[in-house]
Amino acid sequence: MLASRAHGALLDLYALDTRFSSAQETLASLQTQAARLRDEQVLLTQQISATRHTLVASRQQLGANLRLLYKQGDTDPLAVVLGAESLSDAVDQIDALNRVADQSEQIVATTTAAQIRLGRLRQTLASHRSQVAADLAGAQRTARRLASARADRLSFIAQLRSERRLKTAQIGALELKAQQAEVKSQQLQATAVTDATTAQSPVTLPRPVPAPAPGGHTLTVSSTGYSLPGNTSSGLPVGWGVVAVDPSVIPLGTRLTVPGYGEGVAADTGSAVRGADIDLWFPTLAQARAWGRKTVTITLH
């Protein structure tokens with residue numbers, strides 16, 4: 001189970017790493033765009049400054065032209081010709097008026113174009129900066145969310161590894177208990193044989209069962225259900241499959257198949273378990289009472 005969960009967690013981590021890498025690439029691209037926009041903003045600032053200088057110079061020139069026209073007085077070509085002292089003087093005055101008029105028109109056109117261009121540049125830069133700022137904020141949120149999910153997954157994997165180490169330690173402790181129980185069962189069997197041979201009053205004991213042959217053999221016994229907490233006489237904790245036996249009949253550690261109950265292990269003894277009797281452990285008293293006492297033919301392995 002732990003191995004399956006760890007495998008699934010590693011697959012999730014791989015998927016998160018892939019998405020996190022993509023999010024970092026997107027974030028880096030947006031940061032590059034933001035830097036480029038900052039450069040464009042610096043350039044636009046310079047262009048705005050130059051445009052303002054151009055506007056100031058244009059306004060000054062336009063003012064000079066207006067003052068010149070004001071000094072000229074009458075700007076009607078016919079009046080200029082009639083008021084001129086000579087034809088050459090009239091031509092010169094008309095040419096001057098035309099130059100001033102053309103220059104004024106050019107100043108107006110330049111000023112208007114500069115104002116329009118300045119407004120468009122401001123709008124374009126503001127739009128780009130707003131869009132990139134929104135995209136950058138979204139990419140940063142995504143990167144933070146994926147980084148948090150990745151950290152959670154790493155923590156979960158570390159927890160699974162810790163649980164696996166704990167399970168290994170628990171298995172080692174159970175194996176040690178099993179070894180201790182085996183030693184104790186051998187001591188109990190030796191004690192049972194000694195008691196049988198040294199008893200003062202004759203007691204009829206069933207003939208010990210020889211070591212089971214490969215494939216197992218059967219034995220008819222009287223079985224009783226019981227439900228008690230704690231540990232068995234062999235040191236193992238009680239649980240489903242624990243069978244109390246007379247070690248002189250069924251050696252401790254023998255694996256049993258009990259019809260209607262399932263697989264069990266001879267891992268407990270009891271003062272009331274003598275001869276061809278066995279006690280079967282149940283997790284609840286109701287289950288033990290439901291089993292009651294019945295004769296079954298068990299198989300020793």
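Just one residue in the set 252, 280, 256 is at pLDDT below 95 and out of contact with any Lys or Arg (no Cβ under 9 Å at 6 or more places or on another chain); that residue is 256.
In segment 29-68, what residues are of a type in the set (D, E, K, R) and closer than 21 Å to residue 98 by Cα? Matches in segment 29-68: 59, 67. For segment 143-171, give me the residue count where each residue is in contact with a Phe, Trp or Tyr (Cβ under 9 Å, 6 or more places away or on another chain) and not hydrophobic (A, V, I, L, M, F, W, C). Number satisfying all stated conditions: 1. Looking at segment 128-148 only, could you name the residues that are more than 20 Å from residue 44 (Cβ to Cβ) and loosely packed, with under 13 Cβ neighbours inside 10 Å? The answer is 134, 137, 141, 144, 148. The single condition among (1) among the polar types (S, T, N, Q); (2) assigned to a strand (DSSP E or B); (3) more than 49 Å from the chain's Cα centre (by Cα) that residue 248 does not meet is (2). In the set (1) crowded, with 18+ Cβ neighbours inside 10 Å; (2) over 18 Å from residue 238 (Cβ atoms), residue 288 fails one condition alone, (2).
The values are calculated or read from the model by the stated rules, or taken from the named source; none is laboratory data. Just so it is clear, the structure is predicted and the values come from calculations on it, not from any experiment. All Cβ positions, even for glycine, are placed from backbone atoms using ideal geometry, and neighbour counts span all protein chains on display.
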